[in-house]
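Everything on this sheet refers to the single structure shown next.
Any read-out appearing in this document is the output of simple, stated calculations on the displayed coordinates, not a laboratory observation. It should be emphasised that the depicted structure is a prediction, and the values quoted were computed from it without experimental measurement. Note that each Cβ is placed from the backbone with ideal geometry, even for glycine, and that neighbours are counted across all protein chains shown.
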Amino acid sequence: MSNSECLQNFTKNLFWDVDTKELSMDKYPAYIIQRTLEYGQMNDWRIIWRYYGLDKIVEECKRMRTLDPVCLSFICTISHTKKEDYRCYHFRQSCPTHWNS
């Protein structure tokens, strides 16, 4: 699948805040992967899996400063990796606020 085909097949509200004509799967993989993991549907996940492959997705996730805990658990489960290998795991708030606990 090409860059433009992938972007057209994503759920329409996934990238509601950006101009999809300016978006590139190759130029902004971390943004697209994080947005898809946190807000996408299963079909969106299949698109990034086919385009990037699991190794590239895991590599990008390991460098992310923030990632939703559920998404982190999902990535760790399907890739058989440890949470400690991810940057976002170490950058969590040490004293979370009452609504984040």
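Among Met64, Met42, Met25, which one moves the most in a GNM of the chain with springs linking Cα atoms closer than 10 Å? The residue with the greatest mean-square fluctuation here is Met42. Put a dot 7 Å past the Cα of Thr66, heading toward its Cβ, do the same for Lys82, and the two dots end up 2.7 nm apart. With the Kirkwood sum run over all distinct C-alpha pairs, the chain has a hydrodynamic radius of 14.4 Å.
Treating the angle as unsigned and between 0 and 90°, give the value, to the nearest 10°, between the Cα long axis of helix 69-79 and the longest Cα principal axis of the chain. Helix 69-79 sits at roughly 70 degrees to that axis. Sparsely packed loop sites in segment 1-93 (the chymotrypsin sites (Phe, Trp or Tyr not before Pro) outside DSSP H, G, I, E and B with at most 11 other Cβ atoms within 10 Å) comprise Trp16.
Summing Lys and Arg as +1 and Asp and Glu as -1 over all other residues whose Cβ lies under 12 Å from the Cβ of Thr11 gives a net charge of +2.
Taking the Cα centre of segment 3-94 as origin and assigning +1 to Lys and Arg Cβ atoms and -1 to Asp and Glu Cβ atoms, the resulting dipole is close to 220 debye. Against the chain, whose longest principal axis comes from its Cα atoms, helix 29-39 is set at around 70 degrees. In the chain, which longest range has no trypsin sites (Lys or Arg not before Pro) that are both DSSP loop (not H, G, I, E or B) and surrounded by at most 13 other Cβ atoms within 10 Å? With trypsin sites (Lys or Arg not before Pro) excluded where exposed in loops, the chain gives 28-64 as its longest stretch. Here the Karplus relation 6.51 cos²θ - 1.76 cosθ + 1.60, evaluated at θ = phi - 60°, turns the backbone of segment 49-55 into coupling constants of 5, 5, 6, 8, x, 5, 4 Hz, with x for every Gly and Pro.
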